[in-house]
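The values are calculated or read from the model by the stated rules, or taken from the named source; none is laboratory data. These numbers were taken from a predicted model, which means no experiment stands behind them. For neighbour counting, all protein chains shown are included, and Cβ atoms are generated from backbone atoms with ideal geometry for every residue, glycine included. SASA here: full protein model, heavy atoms, side chains in, ligands and nucleic acids out. Shrake-Rupley method; radii C 1.70, N 1.55, O 1.52, S 1.80 Å.
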Amino acid sequence: MRRRAILVLIGALTITVCLSVAVAISESDRHTPGFPQTTGNLQSLFQLPINVSDIEKAILELSKKGVLSQGEAEKLKNFSNISFKDAVARIENPELRNSLLNLANKSTLSPEDIEVFMNYLNSLKASELLSPADELLALRALEALASAIQSPYTSEILSKMVSALKEIEIAKSSNLVLTFKGPQQSSSEKPLPIFQSVPLPSLQLPSAPQLRFSLPRIPLNTLIAIASCCSIALALLFSRKLLGTFFKRLKTRFIGKIPTPEIGDKFLEAYWRSIYIVSAISGVKKADAETHREFLARASERLSSRVAEVFRDITFAYEEYRYGFRAEAGQRILEGFRRLTNYAKASS
Amino acid sequence: MLVVMGVFDVVKRELIDRVVLIEKERELKLMSSALLSRGHVLMEGVPGVAKTYTSKALAKLLGLSFKRVQMTPDLLPSDIIGYYVFDQRSGGFVLRKGPIFANILLVDEINRASPRTQSALLEAMQERQVTIEGEVFKLEEPFMVIATQNPIEMEGVFPLPEAQLDRFLIKVVTGYTTTKGLIEIMKRADEIEEAIESLKPIVTREEVLEEFKRVRSVKVDDSIYSYIASIVEETRRHPAVRLGASPRAAIALVKMAKAWAYTSGRDYVIPDDVKAVAIPVLMHRIIVKPELELQGVTAEKVVEEVLSRVPVPKP
């Protein structure tokens, strides 16, 4: 029983410690299973302090490397400083120009308007009616409109520009190694320094969902509390034996001063004092419904053979004296009691 | 301590130590104690657990007259106690004594007999006498009925009424042996049969009667009487019990405790003696509530629980 309790406590303690370590390690990257773990990069897409100047620098770099044609570079010249009207004017696609002008004529620019326009841009791109330069200019014009009304979607428009630039790079620089790479990028593939000044995001697709062991959120404090309780319980269990030995010695040390049951018969008193001593030595207490022999058998299992033999003599003498009405057995009880006391004192 | 070679010592030496009966020491000690208490024994066990062999071996060893009756539904009371027949030579009726006129009567499968025949045993068991045609005949001492019954038979049996069950001093439930014991039985089956058949009486009837007196003189302290009274009363208070132990049960417990102490070599009763015989003495006298019986509560368990609750005499 005691062994089982210790094993259970050790098990509980181990699990708690493991959980604590796991919680401490994984507290920061706790995520929902099945979703990519690179959410931080995606979040940074919207959080990076990209501005139009950065985009312009990137355009210049691409021009220098020949990714952008002369005409495209010319159209995108002074990209950061062009106004809405200039941007619209430089766009070749008339429909796109009209759409932007219609947008500008609206009194307010709602998120729905921006979303509709973005979808419109995507549809033009899909039908190959939109050149990269026009796309960038359209986005610049839209950004100008959004900035004017301090719309929170400015950063989203800027990141769309970054995506457009990335697509230009991919489409036109087949000889060049891809600049925008995800975490899987090999060390041999060195990125071009074109966008080093621009903190470009990793626009990789979400990785395939992975099954990961996910634990319910348990506060670290709770786990520490459980671990402390288990430790205390274990300490108490282990110390019980030591304390038991200590108290046993303490009890046997005071054998001469044990409380004498008031029976009025020195022989019977000697027997009950013997029971007290045996209980102290063996740690076995006599139950009320237990017979003298049952107690003898139970206590003997924990006594040394010499002490058990002495206590056996005392018990049998007690039975003869108490139930057999043999007065001479009384002396045997006393004699046995003296021997038992000596053994007990010697063992303490 | 007693140094007299008692009935049980002889039985143990001849039957247990010489491996005539295997793993039957407890049953034999209980039966010997019952005999010395002038009581009757009801042996319960499934077929083939040596109920009849044990009884037969005990009777043979004690040099007492032994009769056996196989109970059947058509058996008549006169088949057991006897009857008068007309003797043409003498021109009068002569008594033809039934098997009950024996020291030890083995009634095999008592629950197969009709209630009328079972009740014929009542007077003999309690009064130690039989009445035939209005004439009373005293049965010779010692007189002991050892009845066996099979607990699993449900059809063609007549369960013993409570009044008759109470007449039995003890009920001995005998079960299967251990695997080791079973192997020993298989190896020595023929030898065992021969050994039982060739058993010779070792204890005479007079010696048995002398032991009756010794058992009667076994000392019982007042605290033991109080202990027995507490046990008996506790069976009546037990929540699972419909009918607790009667005063006759208390008397039986005292008698058996004395005999048990004697067969253990003492002339005084200790609480261990009471505990040792409490279950065989009380289990067939206690009726458990039917609803709890269905849940597996048995009279044996009730007595065990009572014994674990009632404090032994102190100091």
Would you confirm whether any residue within segment B:292-299 is hydroxyl-bearing (Ser, Thr, Tyr), open to solvent by less than 20 Å² (accessible area, probe 1.4 Å) and farther than 20 Å from A:Asp288 by Cβ? no
Suppose we keep only residues that are open to solvent by 30 Å² or more (accessible area, probe 1.4 Å) and more than 23 Å from the chain's Cα centre (by Cα) within segment B:223-263. Which one would you say is farthest from the other protein chains (Cβ to nearest Cβ)? B:Arg242
Flagged pairs (Cβ under 7 angstrom, 6 or more apart or on separate chains; first in segment B:199-222, within 14 Å of chain A (Cβ to nearest Cβ); second among the basic types (Lys, Arg)) are B:Val218/B:Lys258; B:Val220/B:Lys258
Conditions (1) open to solvent by less than 40 Å² (accessible area, probe 1.4 Å); (2) within 14 Å of chain A (Cβ to nearest Cβ); number of the one not met by B:Arg309: (1)
Failed item, numbered, when B:Arg285 is tested on (1) within 14 Å of another protein chain (Cβ to nearest Cβ); (2) surrounded by 20 or more Cβ atoms within 10 Å (Cβ to Cβ); (3) among the charged types (D, E, K, R): (1)
Name the residue, out of A:Ser99, A:Ser63, A:Ser107, A:Ser53, that is of a type in the set (S, T, N, Q) and not in a helix (DSSP H, G or I). A:Ser107
How about segment A:260-348: which helices (runs of 4 or more DSSP H) wholly inside it have at least 1 residues that are under 20 Å from B:Ile270 (Cβ atoms) and among the hydroxyl-bearing types (Ser, Thr, Tyr)? A:266-282, A:292-300, A:305-322
Filter pass, A:Phe213 being part of a loop (DSSP other than H, G, I, E, B), at pLDDT below 55 and not assigned by TED's automatic domain parsing to the domain that holds A:Ile82: yes
The correct count of residues that are buried (at least 18 other Cβ atoms within 10 Å of the Cβ), hydrophobic (A, V, I, L, M, F, W, C) and within 13 Å of B:Glu133 (Cβ to Cβ) in segment B:77-103 is 1
Can we say B:Asp9 is out of contact with any Leu (no Cβ under 8 Å at 6 or more places or on another chain) and under 18 Å from B:Glu193 (Cα atoms)? no
Number of the exception - B:Leu106 against (1) touching a residue at least 60 places away in the same chain (Cβ under 8 Å); (2) among the hydrophobic types (A, V, I, L, M, F, W, C); (3) buried (at least 21 other Cβ atoms within 10 Å of the Cβ): (1)
Which of the residues spanning segment A:276-295 are open to solvent by less than 60 Å² (accessible area, probe 1.4 Å), within 10 Å of another protein chain (Cβ to nearest Cβ) and not acidic (Asp, Glu)? A:Lys286, A:Ala287, A:Ala289, A:Thr291, A:His292, A:Phe295
